[in-house]
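Participant: This is the structure I have questions about; it appears just below.
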Amino acid sequence: MECISVFDMLKIGVGPSSSHTLGPWRAAERWIKELKETNKFNKVESISVDLFGSLSLTGKGHATDYAIMLGLSGANPETIPTETIGDIISKIKSTNSISFNGEKDLPFTPETNIVFNRKFLPFHANALQFSATINGRKSKSTYYSIGGGFVVQEERKISKANKIIFYCTFPYPIETGNDLLKYCNQLNKSISEVVLENEKSIRPIETIDFELNRVWNTMLECMYIGCHTEGNLPGGLNVRRRAFDTYQTLKGDLPYNSPQEWLETIRKTEVKFRQILKWVSCFALSVNEVNASLGRVVTAPTNGSAGVIPAVLMYYMVIENHEANFSHIKQFLLVAGEIGSIFKKGATISAAMGGCQAEIGVSSAMAAAALCELMGGSPEQVLVAAEIAMEHHLGLTCDPIGGLVQIPCIERNAMGAIKAINAAELALDTNPENVKVPLDKVVATMWETAKDMNTKYKETSEGGLAVGVHLSDC
């Protein structure tokens, strides 16, 4: 059974895409580690990278080439000062060389050493192959970025089944919604409590709290930056940042000097009923505008859908419960992470495999479930909330204009957050015994829909809005 931690679903990284940016970045790190473990690193004379499938078709717009260069340079996506990214890339381009893992200079011309191949490899739509010349001979390694920053290498014994196998050590292994409910009933615990027991089996509670707090602070800082940054997004579409404008119409006059003080200021601001949707949309837009400009975000479960969960959690803290504290944040993130893992195990969180239903749909389901538990929902109602949110995202395509994670991606986060709140409210008024479509059925349906979906609607920019609207029109 696949064993996925909450911290696998909620990763800190750099935008704009978990599968096209964070995944390739981590793949470069893993390749360097592989070279070192096999005593090849010091013998490398030159390197190159081939991109395949969706990584090739939308790689430029998703900054895949930047991510690879940063990964090969030894930068860490969790800690790199994002304002230095441009300087690092400019130096590589101007010198036609790269500091390989920050240890040795190698010749490297991005235009020729990163090759965009349009063909797809059979194992997964997001493939990249690293090549190193050692003593005049090529050594190659192929990696697959399977969504949400997850990276795997193809194994011959499982490649035909297109499956990735993990061995689970959790005391309460969960693959489906039914598994989760079984443990909740057996242990008489809420979903977040069951998930916490699993997490405690692999790391101390102090580490869990520290890391969840780090995740939340990254989300909060991201929203803060997005709400306080004016101008247009990079990439050529000249999309104006809207979170700043919306925030200016909503903010009060109370002073603040940090993201934490900002949160408390918002909680003290009188919010009129008609402003609630604007606040939620503002929070979601802010995150994905930061994501689109290569800022630091949390995959939730992906970068392209990173705004939904922070926006819904902020909704709870700003609108529903002004006394909410870290214990509520922790509860929310634990539930959200587990619901996301169920979708990853039973379907996919990769837009290149399943369209945007795999990103915004899953993030909306995660947020709906988490909000439902915080608002007093039973485990059964929590799963109902997740099911409702996903049911109304089924079939959503991924068709980014210009291959950029901007249109329609940024707005979709606002829509996904609103749907999540609505789904949680509907679930709280639902008797689970009357539900006709259980969560596991909608997960299975999502996967069937993903397999049936035309490839041009799966993060290739070859269909939908991506061909209906051209860069020249913008």
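Participant: Just to be sure before I move on: is Tyr143 outside the structural domain of Ala67 (by TED's automatic domain parsing), modelled with pLDDT of 95 or more and surrounded by 15 or more Cβ atoms within 10 Å (Cβ to Cβ) in the structure I sent?
Facilitator: Against the criterion (outside the structural domain of Ala67 (by TED's automatic domain parsing), modelled with pLDDT of 95 or more and surrounded by 15 or more Cβ atoms within 10 Å (Cβ to Cβ)), Tyr143 does not qualify.
Participant: Any chance the stretch 283-303 includes a residue that's of a type in the set (Lys, Arg), at negative phi and surrounded by fewer than 17 Cβ atoms within 10 Å (Cβ to Cβ)?
Facilitator: No, because not a single residue in the stretch 283-303 is of a type in the set (Lys, Arg), at negative phi and surrounded by fewer than 17 Cβ atoms within 10 Å (Cβ to Cβ).
Participant: Here's a follow-up. Does Asn217 satisfy the criteria of being of a type in the set (S, T, N, Q), part of a loop (DSSP other than H, G, I, E, B) and either touching a residue at least 24 places away in the same chain (Cβ under 8 Å) or not assigned by TED's automatic domain parsing to the domain that holds Val469 (or both)? Outline the logic, then answer.
Facilitator: Numbers: of a type in the set (S, T, N, Q): yes; part of a loop (DSSP other than H, G, I, E, B): no; either touching a residue at least 24 places away in the same chain (Cβ under 8 Å) or not assigned by TED's automatic domain parsing to the domain that holds Val469 (or both): yes.
Judged against the criteria, Asn217 is not a match.
Participant: Okay, moving on. Would you check if Ala450 is of a type outside the set (Val, Ile, Thr) and either crowded, with 24+ Cβ neighbours inside 10 Å or not in a helix (DSSP H, G or I) (or both)? Break it down stepwise before answering.
Facilitator: Values: of a type outside the set (Val, Ile, Thr): yes; either crowded, with 24+ Cβ neighbours inside 10 Å or not in a helix (DSSP H, G or I) (or both): no.
For Ala450, the condition - of a type outside the set (Val, Ile, Thr) and either crowded, with 24+ Cβ neighbours inside 10 Å or not in a helix (DSSP H, G or I) (or both) - is not met.
Participant: Taking only pairs six or more apart or across chains, which ones have beta-carbon atoms under 9 Å, a first residue in the stretch 142-153 that is over 19 Å from Val362 (Cβ atoms), and a second residue that is among the charged types (D, E, K, R) and assigned to a strand (DSSP E or B)?
Facilitator: Here the result reads Thr142/Asp50, each pair linking the stretch 142-153 to a residue that is among the charged types (D, E, K, R) and assigned to a strand (DSSP E or B).
Participant: Hey, another quick one. Could you grab the pairs with beta carbons closer than 8 Å, sequence gap of 6+ or different chains, first residue in the stretch 289-317 and acidic (Asp, Glu), second one not in a loop (DSSP other than H, G, I, E, B)?
Facilitator: Listed pairs, sorted by first residue: Glu289/Gly226; Glu289/Ala243; Glu289/Ile410.
Participant: Suppose the filter is surrounded by fewer than 15 Cβ atoms within 10 Å (Cβ to Cβ), assigned by TED's automatic domain parsing to the domain that holds Pro234, at negative phi and touching an Asp or Glu at 6+ places or on another chain (Cβ under 9 Å); does Pro255 pass it?
Facilitator: yes
Participant: When you go through (1) farther than 18 Å from Lys436 by Cα; (2) crowded, with 24+ Cβ neighbours inside 10 Å one by one for Thr397, which number turns out not to apply?
Facilitator: Of everything listed in (1) farther than 18 Å from Lys436 by Cα; (2) crowded, with 24+ Cβ neighbours inside 10 Å, Thr397 misses just condition (2).
Participant: Right, another one. In the stretch 282-297, how many residues are under 17 Å from Asn217 (Cβ atoms) and part of a helix (DSSP H, G or I)?
Facilitator: 5
Participant: Next question. Can you tell which of Glu448, Glu411, Glu425 is over 20 Å from Leu396 (Cα atoms), at pLDDT 95 or above and out of contact with any His (no Cβ under 8 Å at 6 or more places or on another chain)?
Facilitator: Within the list Glu448, Glu411, Glu425, the selection yields Glu425.
The values are calculated or read from the model by the stated rules, or taken from the named source; none is laboratory data. Note that this is a predicted model, so its numbers are computed, not measured. Heads up, the Cβs are rebuilt from the backbone with ideal geometry, glycines too, and the neighbour counts pull from every protein chain shown.
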